[in-house]
1. Assuming Gln132 fulfils every condition listed in (1) out of contact with any Gly (no Cβ under 6 Å at 6 or more places or on another chain); (2) under 15 Å from Asp34 (Cβ atoms); (3) part of a helix (DSSP H, G or I) apart from one, which condition is it?
2. Applying the selection to the range 36-55, what residues are assigned to a helix (DSSP H, G or I) and in contact (Cβ under 8 Å) with a residue 40 or more places away in the chain?
3. Do we have Val135 as more than 19 Å from Leu15 (Cβ to Cβ) and surrounded by fewer than 12 Cβ atoms within 10 Å (Cβ to Cβ) here?
4. Return the residue satisfying two criteria in turn: it lies in the range 31-65 and is among the aliphatic types (A, V, I, L, M), over 29 Å from Val135 (Cβ atoms) and at pLDDT 85 or above, and of such residues it is surrounded by the most Cβ atoms within 10 Å (Cβ to Cβ).
5. Scan the range 95-125 for residues that are small (Gly, Ala, Ser) and touching a Ser or Thr at 6+ places or on another chain (Cβ under 7 Å) and jot them down.
6. Restricting the range 142-159 to residues that are surrounded by fewer than 17 Cβ atoms within 10 Å (Cβ to Cβ) and without any contact (Cβ under 8 Å) to a residue 40 or more places away in the chain, which is nearest to Leu111 (Cα to Cα)?
7. Which residues, counting only those in the range 56-74, are of a type in the set (A, V, I, L, M) and either part of a loop (DSSP other than H, G, I, E, B) or farther than 25 Å from Arg39 by Cα (or both)?
8. Of all residues in the range 91-116, which are exposed (fewer than 15 other Cβ atoms within 10 Å of the Cβ) and under 19 Å from Gly144 (Cα atoms)?
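The values are calculated or read from the model by the stated rules, or taken from the named source; none is laboratory data. Please read these numbers as outputs of a predicted model, since none were measured by experiment. Using ideal geometry, Cβ is built from the backbone for each residue, glycine included, and neighbour counts are taken over all protein chains shown.
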Amino acid sequence: MKAFYDKLGEKKFRLFAVISCFVGDLMLSKYLYDKYADRQSFDLHFPKAMQMLKSLNQQQKMNLNFPPDFQENVYSLIVNTLLTCLAIYLLFHIFNYIFYIYKKRFAHLYLTFLSFTATLFAPLMGLAVMSQAPVYGTLFILQGVLFFFVAYGTRIFKILPK
């Protein structure tokens, strides 16, 4: 397998590693958005949560009045918070990928750690979500194979020590 990496070359490998990891980031972000910004699921669970909140307020003899658009505001807050977190996550990884291309030691160590852990956890996540979302499950398993390729390559194309 080392011969394959030598034939590929370090520059092409670095570019492939960054693209593979970024595709994994986008896929995970899309899955999380689809899962947690699902309006139907929110509309199903929100009345139950409000009912529990109202019963707690009655037990404590508190009188809380919620505005009529409270449900819509809570949903908007959830979606905006999710989008902000995903944007920070993607920006953090983009900066690390840029530094990895320029052979910075910290970025190499980060990408090595990321790819080794994702080699294990991406397929496990794929198996875990396979029953609810078979497309995502299959994609996570395939992404795990790409992460293995990246993890193995980071061991071959090492960064110079300090």
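1. If we test Gln132 against (1) out of contact with any Gly (no Cβ under 6 Å at 6 or more places or on another chain); (2) under 15 Å from Asp34 (Cβ atoms); (3) part of a helix (DSSP H, G or I), just (3) comes out false.
2. Tyr36
3. Considered against the rule, which asks whether it is more than 19 Å from Leu15 (Cβ to Cβ) and surrounded by fewer than 12 Cβ atoms within 10 Å (Cβ to Cβ), Val135 comes out as yes.
4. Here the answer is Met50.
5. Across the range 95-125, the qualifying residue is only Ser115.
6. That would be Val145.
7. Leu56, Met62, Leu64
8. Correct list: Leu109, Phe113.
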